[in-house]
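A quick write-up on the structure given underneath.
The values are calculated or read from the model by the stated rules, or taken from the named source; none is laboratory data. Nothing here was measured: the structure is a model prediction, and the numbers come from that model. Reconstructed Cβ throughout: ideal geometry from the backbone, glycine too, with neighbour counts over all protein chains shown. Note: accessible area is taken over every heavy atom of the protein model, side chains too, but ligands, DNA and RNA are not part of it. Shrake-Rupley method; radii C 1.70, N 1.55, O 1.52, S 1.80 Å.
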Amino acid sequence: MVNDHDESVVSHRYNITTTMVCEAICDCLNGTHSVDPSGLRAEKLFMICRSMYPCAEVDVAAVGAILAAGNFPPKYYSYVALCKDPLVLLKSSARVWKYRGMRCIMLRILQALMSANECIATQSPVAESIASEYLAARDIIIFRSIVFACTSAFITEGRGSGEKLHARHCMMCVNMIRSITSKRRGVIAALIEQGLPDICIDWIVEFVPESISDALIIASLLSEKGSLTATERLTAASAGLRIAVAHSARGKLGAKMLVSASTAVLLDSFTLVIGPIGVPVSILREDNGEDVTNICREKMFRMITVLSTINPKNKYLKNEASITLSKIAALCKSENAVGGVSGVAASKRKILLKEIWDTCVHANTALGGAM
């Protein structure tokens, strides 16, 4: 169904200018009573204008309007400057991610700038390794920004202010993330090493099957005990296990090695999960004050749940999961038999060990096995 605004755009197709595109963008981002609340009219004007004028000219004007939202006075960037530093676009207001049309405009421009920037980097006189490191760092920043936007409240939809907002997945964002992952090996591993919230890992597992291509790099990261703290290793192992189990069909060898490395870290972390003997409250803290024991417990239960989702037909992963679950159950038995703890501390410890045991039993049953 074509509305009045769409008809106006079509009838004045040959009168469209970059100024009109900028006004439409500003109206969407700054207008309290915008005639284009989703930004789709601005996107249509942008695409038509791009077909009539040099893309560089239109893109520069659009970027200026996008970055001007909430910034006074707006800063002007030439197309050459944008090609040299595409990350400038990430300075845009969070509102740009909220509106579909604005998001599409920005991602189209960003994609073109990334291609131009890669040509500049690869053709520069610097060493190839330095150019590769720069492009990897650039893509990690872009990847992280897009994933955070996709998993936050920025990309939402709702029919009324009184209704609950429902997450909406932008396929243009998904396509860009998948493209970066396919082209730039090591991006997923680097982000896992830096640390990502569980909601971001869940999003990657759901929408980026190419993440399994980093399985061997993640497995190698987990084997290096000195590079990460105990909680960081278990957090990385949890992320790696989810990726390996979800996408094992796309890379069986990598999935096997990643599952083995992740479960080995899980078993090594058991003492951190149950906490020190004879201490009623946890004394293990991260530098930021977070409780190490609680973090490790959360990751362990999550990993056991992931193991229970392995397809029973995948014999190797199933056997690896069953062995791991049996070893955890055995550790629960041996720890439960340890004396020297009494009172409230003893009760809490027994409850935790029973909870871990029960979770392992349920997971093993889901795999078709028994303790």
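Numbers for the structure displayed
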| quantity | calculated |
| --- | --- |
| Hits in the stretch 327-365 (condition: at pLDDT 90 or above and more than 20 Å from Arg297 (Cβ to Cβ)) | Thr365 |
| Evaluation of Ala189 against (1) open to solvent by 20 Å² or more (accessible area, probe 1.4 Å); (2) free of Cβ contacts under 8 Å to residues at least 40 places away in the same chain; (3) among the small types (Gly, Ala, Ser) (one fails), failing number | (1) |
| Residue check for Ser92: closer than 23 Å to Met172 by Cα and either in contact with a Ser or Thr (Cβ under 7 Å, 6 or more places away or on another chain) or free of Cβ contacts under 8 Å to residues at least 12 places away in the same chain (or both) | no |
| Failed condition for Ala244, given (1) under 26 Å from Ala366 (Cα atoms); (2) open to solvent by 20 Å² or more (accessible area, probe 1.4 Å); (3) modelled with pLDDT of 95 or more | (2) |
| Filter result for Ser93 (farther than 18 Å from Ile16 by Cβ and open to solvent by less than 60 Å² (accessible area, probe 1.4 Å)) | yes |
| Single unsatisfied condition, Phe148 versus (1) touching a Phe, Trp or Tyr at 6+ places or on another chain (Cβ under 9 Å); (2) modelled with pLDDT under 95; (3) open to solvent by less than 40 Å² (accessible area, probe 1.4 Å) | (3) |
| Selection count, the stretch 61-112, where residues are among the hydrophobic types (A, V, I, L, M, F, W, C) and closer than 17 Å to Ile141 by Cα | 13 |
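Table: residues versus (1) within 27 Å of the chain's Cα centre (by Cα); (2) closer than 15 Å to Ala255 by Cα; (3) not small (Gly, Ala, Ser).
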{"residue": "Leu307", "(1), (2), (3)": "yes, yes, yes"}
{"residue": "Lys315", "(1), (2), (3)": "no, yes, yes"}
{"residue": "Thr324", "(1), (2), (3)": "no, no, yes"}
{"residue": "Ala329", "(1), (2), (3)": "no, no, no"}
{"residue": "Ser334", "(1), (2), (3)": "no, no, no"}
